Amino acid sequence: MLRRVAEGVWVHESEFCQSKAVVVQGRGGVLLIDAGVLSDELACLANDLSDSGQTVVAGFSTHPHWDHLLWHPRLGAAPRYGTARCAATVRERLSGGVDAVAKAAGIPEEVPLDLLGLITGLPAETARIPWDGPGVRIVEHQAHAPGHAALLIEERGVLVAGDMLSDVLVPMLDLNGAVDPIEDYLAALRLLEGVAGDVDVFVPGHGSVGGADEAHARIDQDRAYLQSLRDGRPLSDPRVGPSAKDGWEWVAGVHERQLQRLT
Ligand SMILES: [Zn+2]
């Protein structure tokens, strides 16, 4: 089911980790960002769109993690984009075949893998997604995954945050090769803070949609998490431990692994 979050912008939520697909109305069809995860949900989204007379004219993946790289045949053959670094990372990770990736990542069976990661990298420094619709500014940064991009739908006051600014996940650092993942992430938060003043609504890749005040609160919360990790201070974060939301207890394990890798 599509839920409207702003004029011409809708969100479709997955049962898998509260993943959020975002649909943006353009002139000749819609832009679909991080299409979804489970097969029946992607089909449901395709139905919702065709029932309302919409076709997908462009896709975008915010970053090179499998749950943001999926597609369904019924969504059509529109070009799917990502940043240049995102697309290069996808190519490299899929070079050994999709099955190997699926096994290593423990991808659930209900996930359709045929069209996984078929994205085109936009040239570095591309400012906006090339499509016929409201301007969608690409806010690329180095945090969470190589070539991660948030998207600012300027005329609609909506920030699509990718896997940043979640109320259920702590900052998940890019520990594969980044020289200083904590500082990278802090820099990314400053970048997002710079655009958060222009938004009325933001949509995290996993978790709850929020308004402008909430965006600033989540930036503060993520910064506090990273600083405690960096400085080896005891952590007080509602997303980790007994206060974690139902079904999200595993986030404590992510935190423990990050702590071990960084200290
Ligand atoms: Zn991710």
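The residue among Val203, Gly232, Ile219 whose Cα reaches farthest toward the positive pole of the charge dipole of the range 186-236, with charges on the beta-carbon of Lys, Arg, Asp and Glu, is Gly232.
Of Tyr81, Gly106, Leu116, which is farthest towards the positive pole of the range 77-121's charge dipole, taken about the Cα centre with +1 and -1 on the beta-carbons of Lys, Arg and Asp, Glu respectively? Ranked along the dipole, the leading option is Tyr81. With all protein chains present, how much of the accessible area of the range 9-157 (probe radius 1.4 Å) comes from carbon and sulfur, to the nearest whole percent? C and S atoms contribute 50 percent here.
Only Lys, Arg, Asp and Glu carry charge here, each on its Cβ (+1 for the first two, -1 for the last two); on that basis the chain has a dipole of about 440 debye about its Cα centre. In this structure the range 71-160 gives 47 Å² per residue of accessible area when probed at 1.4 Å with all protein chains present. Over the chain, Cα pairs under 8 Å with separation of 6+ residues give a relative contact order of 15 percent. Within the listed set Asp174, Asp231, Asp184, the Gaussian network model of the chain (springs between alpha-carbon atoms below 10 Å) gives the highest mean-square fluctuation for Asp231. Modelled spin labels at Ser39 and Arg3, positioned 7 Å past Cα toward Cβ, are 2.7 nm from each other. For Phe16, the accessible area of its heavy atoms, probed at 1.4 Å with every protein chain present, is near 50 square angstrom. With the chain treated as a Gaussian network of Cα nodes joined by springs under 10 Å, which of Gly97, Gly207, Gly29 yields the largest mean-square fluctuation? Among Gly97, Gly207, Gly29, the largest mean-square fluctuation in the Gaussian network model of the chain belongs to Gly97. The relative contact order of the range 154-263 comes to 31 percent, based on Cα pairs under 8 Å that sit 6 or more residues apart. The Rg/Rh ratio of the range 189-247, with Rg taken over Cα atoms and Rh as the Kirkwood radius over Cα pairs, comes to 1.00. Largest GNM mean-square fluctuation among Gly135, Gly117, Gly82, using the chain with Cα springs under 10 Å: Gly135.
With contacts taken as Cα pairs under 8 Å at a separation of at least 6 residues, the range 1-51 carries a relative contact order of 29 percent.
Paramagnetic label reach from Leu262 (point 7 Å along Cα→Cβ; backbone nitrogen cut-off under 17 Å): within the range 226-247, residues 226-241. Beyond 36 Å, the tail of the calculated P(r) for the chain holds 8 percent of the Cα pairs.
The values are calculated or read from the model by the stated rules, or taken from the named source; none is laboratory data. This one's a predicted model, so the numbers in the text were calculated from it and none came from an experiment. Please note: Cβ atoms are built from the backbone with ideal geometry, for glycine as well, and neighbour counts cover all protein chains shown. In case anyone asks, the SASA skips ligands and DNA or RNA and just uses the protein heavy atoms, side chains included. Shrake-Rupley method; radii C 1.70, N 1.55, O 1.52, S 1.80 Å.
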